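A short worksheet on the structure shown next.
The values are calculated or read from the model by the stated rules, or taken from the named source; none is laboratory data. Only a predicted model underlies this, so the values are computations on that prediction, with no experimental measurement involved. Every residue, glycine as well, gets a Cβ built from its backbone with ideal geometry; the counts of neighbours run over all protein chains shown. Keep in mind that these areas ignore ligands, DNA and RNA; they rest on the heavy atoms of the full protein, side chains included. Shrake-Rupley method; radii C 1.70, N 1.55, O 1.52, S 1.80 Å.
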2 protein chains.
Amino acid sequence: MTDHHDAWRELAAQLRVDSIRSSSAAGSGHPTSSMSAADLMSVLLSKYLHYDFGTPDDPRNDHLIFSKGHASPLLYAMYKAAGAISDEEMLTFRDFGSRIEGHPTPVLPWVDVATGSLGQGLPISVGIALAGKRMDRLPYRVWCLCGDSEMAEGSMWEAFEAAGFNRLDNLIAIIDVNRLGQTGPTMHEWDLDAYRRRAEAFGWNAITVDGHDVAAIDAAMEKAVGTTGRPTVIVAKTEKGHGVDAVEDQPGKHGKALDQEQAAIEQLGGPRDIRVDVPKPEISGEPHVFPAGELTLPSYEPGTKEATRKAFGDALVALGKADGKVIAIDGEVGNSTYTELFAEAIPDRFIQSYIAEQQMIANAVGMQVRGWKPFAATFAAFLARAYDFVRMAAVSRANIALAGSHAGVSIGEDGPSQMALEDLAAFRAVHGSTVLYPSDANATAALVPQMAERSGIVFMRTTREKTPILYEPGDEFRIGGSRVVRRSSDDVVTLIGAGITLHEGNAAADELADEGINARVIDLYSLKPVDAETVRDAARETGAIVTVEDHWPEGGIGDAVLEALAEQQPHPPVVKLAVRDMPGSGTPAELLHAAGIDADCIARAARELVSRSRSAEPTHAAGGERR
Amino acid sequence: MTDHHDAWRELAAQLRVDSIRSSSAAGSGHPTSSMSAADLMSVLLSKYLHYDFGTPDDPRNDHLIFSKGHASPLLYAMYKAAGAISDEEMLTFRDFGSRIEGHPTPVLPWVDVATGSLGQGLPISVGIALAGKRMDRLPYRVWCLCGDSEMAEGSMWEAFEAAGFNRLDNLIAIIDVNRLGQTGPTMHEWDLDAYRRRAEAFGWNAITVDGHDVAAIDAAMEKAVGTTGRPTVIVAKTEKGHGVDAVEDQPGKHGKALDQEQAAIEQLGGPRDIRVDVPKPEISGEPHVFPAGELTLPSYEPGTKEATRKAFGDALVALGKADGKVIAIDGEVGNSTYTELFAEAIPDRFIQSYIAEQQMIANAVGMQVRGWKPFAATFAAFLARAYDFVRMAAVSRANIALAGSHAGVSIGEDGPSQMALEDLAAFRAVHGSTVLYPSDANATAALVPQMAERSGIVFMRTTREKTPILYEPGDEFRIGGSRVVRRSSDDVVTLIGAGITLHEGNAAADELADEGINARVIDLYSLKPVDAETVRDAARETGAIVTVEDHWPEGGIGDAVLEALAEQQPHPPVVKLAVRDMPGSGTPAELLHAAGIDADCIARAARELVSRSRSAEPTHAAGGERR
C-alpha cells in the first residue's frame, strides 16, 4: 500500500508543479486553488475515476466535473498526467486560440460542461447522475470537485436537496475546504462539521477527511463508492497553496500566478513526468433505449380556440412517443405548462425538479451531456431565476429546449410577479439562442419537434389564454420563418406581432380595413433567428411599421424588427407598442388595453402613423416605397 | 388564557372566511394556501406583531413579509382585521385598478416588497433584519411567512446561511408546512423534522408545532421572541384548506377559488367582523444616524489611465463619507469590484454577502426598505444569478444601485464564464431601470452619486482594464446624457461606443482621419435613458452610424441607438459591431480584435459604410442629410 501512497504523493506533487507552471506561463490563473485539491485529485485519478480518455464518448465513463472551475490548472494537469494532452499544450493555458482556456469549457472533449460561475457544477452533476440512474440506467459515477466558497450559493443546496431526495448514490461530491475565498476567509473556514451537518441534514452520507493525507483520502473514497441509497460528500480539510511556504494558507494569494515560480517548483521537488494509467470503465452494458414510434402531432381546428401552452404540452407528448431521447423536466408547475400530460403519458422520462428552477436547468444540461433531449418548462417569469445557468449552458454548448408559459400582462389577475415581460430580451441575448413565440396551437405543435433537433438554447414562449386557431394542421412553420397573415396589393402599414398580440393585430387590421386603411399583418413567431427578408419586404412595400408585444419595450419583437431593418434604405418609421408601465391585476383584456397593446391601441397607432406618412409624403423618404 | 385562545380561533376563522370571500369575488386566487396559515397569522397579528398600521413608516414597526406571496388573500384579510383596509376594498381583490393585487406589492403602504416569485421573501427578510441590526440599530423584528414548496429554492438556503451566520435573532421565519404544492405533494410532505434538521444545521433555532393549535403557536412564538443569538424558524404542520371539508388536504385545490363558497363559509361559522387591536411598537429610539461630511469626488488626470471599476470604488468611498445612508454590499469579490475600499474606509456600512448573489441583491432590497441607499457589486456576469431578484425588485419599486465589473471579452484570459456579454440587454429590459456604462474614471466618479439618488434599479457596468482618462475632473455627466468626443463640420460617419469600445472608436477615428474620413465619436455612457437627441442629430448630420459594443449583438448599445432612431426619417444605415462568436481566452487586445470590435475593425466597417453611402448617393435617402 505504501508504494501506492508514495506514487499518489508524487503525482500530487506533479499536479501542483504543473498548476504552477501553466499559470506562470499564462501570467494568471488560480494555482493556489489548484494546489489545495491536488492530493484529492491524485487519488481519484489513480484509483477511483473510471474513464477512458481515448474514448470520451464511452457511455460507461465516469464523469468528473470541476464545480470550482477556477481550479482549471489542476484539471489540465490531470489531463496531462492521463496522457490526454501534452505538456506543451498544457502550457498554452489561457493563450489565444488554445483549448486550454482560463476556465474549463467543452472545447475539450473530456469537459462535459463549462464551469467558472460558481455553484453550477454540483447541480449539473446531479443532472448527469439522474441521467445515469433514470435514463441511461448505467452505474457510472459522477465525481464533482466543489470549492468551499461556493457552498454559500443557494444553487448548491438545491443540488444537495435534489440529490438527497433522489438518493443518487452514483454521485460523489468533494468539498475542497481550503478556508480562503477570493477576498478573505470563508464563513466556516475549517469547520468541517458545519458542512457535514448541513449535508447530513439534506440526506447525504458525509465523510470528513484530511485532504492532504492520501491514505485517508483513499479510505474516504473507498467508503464513498461503497455507499448505497444516498449520495456522498467528502469534506476535505486542505490548505490553499499547500506545499509551497510562500503561498500556503496565505491571504491575498487567490487568482494569481506565483511570484517565485522556480523556488516553489523546487520546494515541490521539481517537475515530473508521471503518466497515470487511469482505470478504464469496469461496468458493462449499453445505455437504456426507450421505445419510440411514429410522430403524430396534435392538430387543432381552425376557428376554435386553444392555448399555445396546451399545444406545447400535447406536442411534447407526441414527440416523446416518437423519440425515446426526449425528456420532460418540470419545476412543479406542470399543470400550468402542461408538462403534466407528459408525466402521465411517459412517466419514465419525466423529471420533477420541484420549485427549484436552477436545478431544473441543471437537470436539463446534465441530461444533454449524455445525449438526451431535455425540455424544461415553467412560467417564463421564473426562468429568470436560472438566467446564469442558461448563460453558462450556452458557454457549455449545451442543447436544451425551454418553454416559458404565462408570459406578459395577458395572464391577467395574478399580477406582475407572475408576468414574464423581459424573457424575450433575456433569451435573445443568450449566445446562439433560438427564441420562438408561436401565435396558435398548430404553429406551436409544428415547432416543438424542431426544438429537439436545434443546437443551443431554444426557448419557446407560450401564452396562458386560449387564442384562436389561425392555421391549418400540418402548415409549415420553420424556425427562422414568419407568416404573413394578411396582405393586399395596397397595404400602407404593417402590423407585426406574435403570440397574444398577433391576434390583437389581426383585429386592428379589421378595424382599419373598415376605414379604408389596408394593413399587412405578420406573425413573427421566430424572434431569433428572425425572418429579416419578410420584414424588409414589408418595410419597403408598406412604408410604415407598428410592432406590438406583450413585453417591456426593450429586446423583444420591436427590437428584432429594428435589427432586421438597421441597414435598410429607405427605412420606414417603426412605432413600437409595448408594455411601458408596471401592470397590476385585472382581466387580460383590461390589462392589454391599459398597456396600449390591444386591437384599439394598435389601430390608433397605425392610423396616426399612416396619416403622418401621408402628410409628410412629398419630402418623405419613406413615402417612396408606395410606388 | 382560553379567552385569548377563543378569540384567536375566531379571528382565524374570519381570516379563512375572508380569504374565501375575496378569492371567490375575484374568481381566482389561492384561498387554500391562505387557510393553512390562518391560525399562525391570527396569533401573530393579535399578540406578537408590533405594527402601527396608521404609521407604516414608523421605523420601530416590525416587518411582516409573505414569502409565500400567493397567500395574499390571507394578508389582505389580516389588513382588514387590523382596520387598515375596509371589507369593501378587500373584495376588490384582483380587480383592475385595485391595490389589492393578485400578489402583494408595495402599492399598499404596509407591504415592504413584492412577493409571488417564490424563494425571495425570506432572503429579503434577512436583508431587513440586517438593516435592523447593523444600520438602524433598532430591535424591531422581521416576521416571514414561508411556504413549504419554496423550501426547494436554493435562495431560501442562501438566506438560512446568511441569517445563521449573522446571528439574526430579530428574524423569525414561519414555514407553513401544508404538504401540498401546486401539482402534488412536496418533497418532505409532513416530515417536519426534515425542515428542523436542515434549519438547525444552518445555525437556526427550530421549533416544530401544530399550526392549527393556537396555544401551541402562542408557546412557539413566545419561545421565538425570547431566543437570542440566532434566528428562529417555526415549522408548522398545517392542512391546506384547513377547516373546509371540501378542500382540506385535498390535491388539485391549489390556486383556485372554492367551488362552493357559501357552504365553505357556513362550515367556518359564517362571516365575522372582528377588529384586532394590533400591538403597537413597544421599542423606543430612532434609527442610527451615521456621520456624514462633504462630498469630494476622486479625480483622475487626463492622459493617465485608470480602470472604471477602480473609479467606482473610489467614488463610492467618497459618497459614503458624504452620505451616511450609503451602504456597500459585496459578493466576496470586493478586490475585483473595489468595494474593498469602502470596507476599509467605512466598515460599519459594508455588508459581506459571500458568494451568494441572490442574497446580495436581497440584502440591497432589504436595506432600501428601511431607507438606506445600497450599492451592491460583483462581476457583471454573476449578477445574472440574481436576475429574478432584480426583476422582482422592480415590481417592489425598490431603489437599488448595482455595479457589475469585468464586462465583456476585454477582461481577457479568464474566458467566457467570467465575461458579461448579456448584462446590458438584461438590465435594459428591467422596468424603470437605468443603465450606465462610463468610459473613463472621471465620468464614473460623476455618475456614482447620481446612482444613489435615482429611483428604481440603477446598473453601472464597469471595465476591468485601465483605460485612458478622457475627461476633466468635474466635467458634467448626467444620467440620460452622452458626450460627443469628437466632431467636425464635415463628419460623414458617427462611431458610437461606451466603456472599452469608446476608446477603440477614438482610435478608429484617428485612423480614418488620416484617410480623409471625418468621424464623429459619441460616448453613449447612459444606455437607458439614452440621449436620443444627440444620436438623432448625428444620424441626420453624418448619414451613417457604426455602433460598437463589447456585448452580444442583442439589447445593448446598438439596440439603444436603433430604438432612438426607430421613427427618425430619414434613417441612416446603422452597422452594429458586437461580439458574435463565443470567445475563449486571450489578451484583451486579441479578443477585442477577434470579436471585430477593436479600432481596426471599427475603421474598416466605417470605411465600407462610407463608401457604400457615397456610391449610392444619387438615389439614396440617407444621402440627403449631408446638405
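Bridgeable aspartates and glutamates around A:K223 (alpha carbons under 19 Å apart, same-chain partners fewer than 8 residues away excluded): A:D39, A:D62, A:D169, A:D176, A:D193, A:E200, A:D210, A:D213, A:E282. When the P(r) of the protein assembly as shown is calculated, the portion above 41 Å amounts to 46% of the C-alpha pairs. Taken residue by residue and averaged, Cβ atoms of other chains lying within 10 Å of the Cβ of B:548-554 number 4. Just to verify a number: FRET efficiency for A:D52 and A:A322, C-beta to C-beta distance, R0 = 35 Å, to 0.05? Efficiency, rounded to the nearest 0.05: 0.60.
Please state the relative contact order of chain B as a whole percent: Cα pairs under 8 Å, 6+ residues apart?
Details: 1520 pairs, mean separation 73.5, N = 627.
Taking the mean separation of contacting Cα pairs over the length of chain B, I get 12 percent.
The mean sequence separation of alpha-carbon pairs under 8 Å and at least six residues apart, normalised by the residue count of the range B:351-454, gives a relative contact order of 26 percent. With a 1.4 Å probe rolled over the protein heavy atoms of all chains, the accessible area of A:K280, A:K240 falls in the order A:K280, A:K240, largest first.
Kindly identify the range A:314-440 as rounded, prolate or oblate by the Cα gyration tensor criterion: order the square roots of the eigenvalues as a ≥ b ≥ c, call it rounded if a/c is under 1.5, otherwise compare a/b with b/c, prolate if a/b is larger, else oblate.
Details: a/c = 1.64, a/b = 1.17, b/c = 1.41.
Cα axes put the range A:314-440 in the oblate bin.
Distance between the C-alpha centres of the range A:384-431 and the range A:295-369: 16 Å, rounded to the whole angstrom.
Shielding value for B:175-184 is 3, the average number of Cβ atoms from other chains within 10 Å of each residue's Cβ. If R0 equals 35 Å, the separation of the Cβ atoms of A:S488 and B:E567 corresponds to a calculated FRET efficiency of about 0.90. Under 1.5 on a/c is rounded, so check that first for the range B:324-386, then, if it is not, pick prolate when a/b is larger than b/c and oblate when it is not; a ≥ b ≥ c are the square roots of the alpha carbon gyration tensor eigenvalues. Taking the square roots of the gyration eigenvalues as a ≥ b ≥ c, the range B:324-386 is oblate. The mean number of Cβ atoms from other chains found within 10 Å of a Cβ in peptide B:161-169 is 2, as a whole number.
Which order do B:R397, B:R309, B:R198 take by accessible area at a 1.4 Å probe, largest first? Walk me through the intermediate numbers first.
On the way: B:R397 100, B:R309 35, B:R198 10 Å².
Listed by decreasing accessible area, they come as B:R397, B:R309, B:R198.
Cross-link reach is defined here as a Cα-Cα straight distance under 14 Å, omitting same-chain residues fewer than 8 places apart; for A:K305 the aspartates and glutamates meeting it are A:D440, A:E465, A:E472. Of the two radii for the range A:95-241, the radius of gyration is 0.97 times the Kirkwood radius, both from the alpha carbons; that is the Rg over Rh value.
Residues whose amide H falls under 5 Å from that of A:L64, counting only those 5 or more places apart or on a different chain, are A:W143, with hydrogens built in the peptide plane.
Considering only protein heavy atoms and a probe of 1.4 Å, how much of the accessible area of the range A:27-148 is carbon and sulfur, as a whole percent? List each step's numbers first, then the result.
Details: 1180 of 2480 Å².
On the range A:27-148, the fraction of accessible area on carbon and sulfur atoms equals 47 percent.
Per-residue SASA remark: B:E476, around 150 Å² accessible (1.4 Å probe; ligands, DNA and RNA not included).
With the simple model of a label 7 Å out from the Cα in the direction of the Cβ, B:E222 to A:D193 spans 3.2 nm.
Helix B:441-453 and the long axis of chain B differ in direction by around 30°, with both axes built from C-alpha atoms. When a/c reaches 1.5 or more, the comparison of a/b and b/c decides; with that in mind, is the range A:379-456 rounded, prolate or oblate per its Cα gyration tensor? Note, shape of the range A:379-456 comes out oblate.
Roughly how many Å² is the accessible area per residue of the range A:516-616, as a whole number, for a 1.4 Å probe? Numbers along the way, then the final one.
Numbers: 2790 Å² over 101 residues.
Computed with neighbouring chains in place, this is 28 Å² per residue.
Summing +1 for each Lys or Arg and -1 for each Asp or Glu, what net charge is found among the other residues whose Cβ lies under 9 Å from the Cβ of B:I355? Neighbour charge sum, excluding B:I355 itself: -4.
Going from the isolated chain to the complete set of protein chains, the range A:138-154 loses at least 40 Å² of heavy-atom accessible area (1.4 Å probe) at A:A152, A:E153, A:G154.
Expressed as a rounded percentage, what relative contact order does the range A:374-511 have, with Cα pairs under 8 Å and six or more residues apart? Please list the in-between numbers first.
Working: 210 pairs, mean separation 36.5, N = 138.
This gives 26 percent for the range A:374-511.
In the context of the full set of protein chains, residues of the range A:82-147 present 24 Å² of accessible surface per residue (probe radius 1.4 Å, heavy atoms only).
Calculate the all-directions average of the projected area of the range A:81-174's alpha-carbon convex hull, and give it in nm². Write down the numbers at each step before the final one.
On the way: hull surface 28.1 nm².
So the Cα hull casts an average projection of 7.0 nm².
The alpha carbon convex hull volume per residue for chain B rounds to 160 Å³. Counting heavy atoms of the protein chains alone, B:Y354 has an accessible area of about 40 Å² for a 1.4 Å probe. Between 0 and 90 degrees, the angle of helix A:500-514 with respect to the longest Cα principal axis of chain A falls at about 10 degrees.
Sorted by accessible area with a 1.4 angstrom probe, largest first, how do A:T92, B:T232 fall?
Largest to smallest exposure gives the sequence A:T92, B:T232.
The range B:239-278 to the range B:98-155: how many Å between their Cα centroids? Cα centroid to Cα centroid, the span is 25 Å. Using a probe of 1.4 Å, the accessible surface attributed to B:L295 totals some 80 Å² when neighbouring protein chains are kept in position.
On a 0 to 90 degree scale, rounded to 10, what angle separates helix B:308-322 from the longest Cα axis of chain B? Helix B:308-322 and the main axis of chain B meet at about 50 degrees. Measuring from centroid to centroid over Cα atoms, what is the spacing of the range A:506-577 and the range B:508-582 in Å? Comparing the Cα centres of the range A:506-577 and the range B:508-582, I get a distance of 22 Å.
In this structure, the residue pairs whose Cα-Cα separation is over 22 Å, taken from A:K256/B:K373; A:K68/A:K280; B:K68/B:K253; A:K321/A:K373; A:K466/B:K256, are A:K256/B:K373; A:K68/A:K280.
Quote the convex hull volume per residue of the range B:550-607, based on C-alpha atoms, as a whole number of Å³.
Numbers: hull volume 4.4 nm³, N = 58.
So the per-residue Cα hull volume is 75 Å³.
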